[in-house]
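Chemist: Take a look at this one; I'll ask things after.
The values are calculated or read from the model by the stated rules, or taken from the named source; none is laboratory data. Since the structure is predicted, the reported quantities are computational estimates derived from the model, not experimental observations. Positions of Cβ are generated from backbone atoms using ideal geometry, with glycine treated the same way; all protein chains shown enter the neighbour counts. Side chains included, ligands, DNA and RNA excluded: accessible areas come from the protein's heavy atoms. Shrake-Rupley method; radii C 1.70, N 1.55, O 1.52, S 1.80 Å.
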Amino acid sequence: MPDISLTVVVLLCLAAFAAGWIDAVVGGGGLLLLPALLLGLPAGTPAAHALGTNKAVAIVGTTGAAVTYARKAPVDVAMAVRIGVAALAGSSGGAFFAAGMSTEVLKPVIMVVLLGVAAFVILRPAFGTAPAPGPVTRRRVLAAIGLAGLGIGFYDGLIGPGTGTFLVLALTAVLHQDLVTASATAKIVNCCTNAGALAMFAWQGAVLWQLAALMAVFNLAGGTLGAHTALKKGSGFVRIVLLTVVFALVANLAYEQWVA
């Protein structure tokens, strides 16, 4: 456990709770949790320790949210796991290429894509409000594995922020799921990618386990509450949170690109 004041520990636990709630509803909790760790850990702490601790905390909240969704939402767990395995492979590939590629070039492109997504969601009020009738075709499942699994998994390994949000949008568009079911499926996919990343960070000794365990309790509480909130409030509520997170992600990327 690093030498951190009680005040900072309390603030980190509150950030973990809020991040768990946001991530369970629509993804994007890392936008809050990772910066909080980077700011809260003592100066000189390697960035890898913040990343590893972030994964150790996030996987607990994500798993709690996934279990809550699986019990009460119509989630095809087997399909979600197939997409998750593909996302794990994609994330590994993204991490491999990350060292030799400038993400600064990609950030403006991602911002444009996100703004386009926001415009689409705003102009299409019915998007994700109800699932499409009839069974999901094999072609759509394969498309989801390719886009939500390999594609977004690759993005997660290469850059990372907003992966959960992209998963929700992709699953809604490709599989015609409502936003609540897409959020539930995204949580299972995230469990797969987080597990792979955490294993790598743990092997490298880059996880602050004591701090992670404490924050994980709050992240689990936030994730479970977020899943219950999404199930209770429905797709309309998730849509509002989705737009909020998308605009927050654009602002965060813009800050990193032109200000920081």
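Chemist: Do we find a residue being more than 30 Å from ILE4 (Cα to Cα), at pLDDT 90 or above and crowded, with 18+ Cβ neighbours inside 10 Å anywhere in the stretch 247-255?
Modeler: No; the residues of the stretch 247-255 include none that is more than 30 Å from ILE4 (Cα to Cα), at pLDDT 90 or above and crowded, with 18+ Cβ neighbours inside 10 Å.
Chemist: In addition: Sort out which residues of the stretch 87-97 are hydrophobic (A, V, I, L, M, F, W, C) and open to solvent by less than 10 Å² (accessible area, probe 1.4 Å), and write them in order of number.
Modeler: Of everything in the stretch 87-97, just one residue is hydrophobic (A, V, I, L, M, F, W, C) and open to solvent by less than 10 Å² (accessible area, probe 1.4 Å), namely ALA87.
Chemist: Turning to a different aspect of this structure: Condition (residue is among the hydroxyl-bearing types (Ser, Thr, Tyr), within 19 Å of THR68 (Cα to Cα), in contact with a Leu (Cβ under 7 Å, 6 or more places away or on another chain) and surrounded by 24 or more Cβ atoms within 10 Å (Cβ to Cβ)) applied to the stretch 163-175: is it met by at least one residue?
Modeler: Initial filter on the stretch 163-175 (among the hydroxyl-bearing types (Ser, Thr, Tyr)): 163, 165, 172.
From the residues that got through so far, the ones that are within 19 Å of THR68 (Cα to Cα) too are 165.
With in contact with a Leu (Cβ under 7 Å, 6 or more places away or on another chain) added as a condition, the list becomes 165.
Cutting the leftovers down to surrounded by 24 or more Cβ atoms within 10 Å (Cβ to Cβ) gives us 165.
Scanning the stretch 163-175, I find at least one residue that is among the hydroxyl-bearing types (Ser, Thr, Tyr), within 19 Å of THR68 (Cα to Cα), in contact with a Leu (Cβ under 7 Å, 6 or more places away or on another chain) and surrounded by 24 or more Cβ atoms within 10 Å (Cβ to Cβ), so the answer is yes.
Chemist: Another question about this same structure. For the stretch 137-155, how many residues meet the condition of being under 15 Å from the mean Cα position of the chain (by Cα) and β-branched (Val, Ile, Thr)?
Modeler: 1
Chemist: Next up: I'd like the full set of residues that are in contact with a helix residue (DSSP H, G or I) (Cβ under 7 Å, 6 or more places away or on another chain), more than 11 Å from GLY64 (Cβ to Cβ), of a type in the set (Val, Ile, Thr) and open to solvent by 10 Å² or more (accessible area, probe 1.4 Å), limited to the stretch 204-242.
Modeler: Those that are in contact with a helix residue (DSSP H, G or I) (Cβ under 7 Å, 6 or more places away or on another chain), more than 11 Å from GLY64 (Cβ to Cβ), of a type in the set (Val, Ile, Thr) and open to solvent by 10 Å² or more (accessible area, probe 1.4 Å): VAL207, THR229, VAL241.
Chemist: Also: Would you point out the residue of the stretch 117-134, among those that are open to solvent by less than 40 Å² (accessible area, probe 1.4 Å), part of a helix (DSSP H, G or I) and farther than 30 Å from LEU198 by Cβ, that is modelled with the highest pLDDT?
Modeler: ALA118
Chemist: Let me ask something else. Looking only at the stretch 135-147, decide whether some residue is over 18 Å from LYS72 (Cα atoms), in contact with a helix residue (DSSP H, G or I) (Cβ under 7 Å, 6 or more places away or on another chain) and modelled with pLDDT under 85.
Modeler: yes
Chemist: Continuing with the same structure: Quick check: anything in the stretch 73-94 over 18 Å from the mean Cα position of the chain (by Cα), modelled with pLDDT under 80 and of a type in the set (A, V, I, L, M)?
Modeler: Scanning the stretch 73-94 turns up at least one residue that is over 18 Å from the mean Cα position of the chain (by Cα), modelled with pLDDT under 80 and of a type in the set (A, V, I, L, M).
Chemist: Of all helices (runs of 4 or more DSSP H) completely enclosed by the stretch 142-260, which ones contain at least 1 residues that are over 16 Å from ALA80 (Cα atoms), of a type in the set (S, T, N, Q) and touching a Gly at 6+ places or on another chain (Cβ under 7 Å)? So that I can check it myself, show each step before the final result.
Modeler: Numbers: elements: 152-158, 163-175, 179-203, 209-233, 235-258.
Because the criterion is at least 1 residues that are over 16 Å from ALA80 (Cα atoms), of a type in the set (S, T, N, Q) and touching a Gly at 6+ places or on another chain (Cβ under 7 Å), the helices (runs of 4 or more DSSP H) in the stretch 142-260 that meet it are 209-233, 235-258.
Chemist: Something else now. What are the residues in the stretch 41-71 that are surrounded by fewer than 20 Cβ atoms within 10 Å (Cβ to Cβ) and small (Gly, Ala, Ser), if any?
Modeler: ALA43, GLY44, ALA47, ALA48, ALA70
Chemist: Which pairs turn up if I take residues in the stretch 74-97 that are closer than 12 Å to VAL141 by Cβ and look for partners that are open to solvent by less than 10 Å² (accessible area, probe 1.4 Å) and assigned to a loop (DSSP other than H, G, I, E, B) with beta carbon separation below 9 Å, at least 6 apart in sequence or on another chain?
Modeler: none
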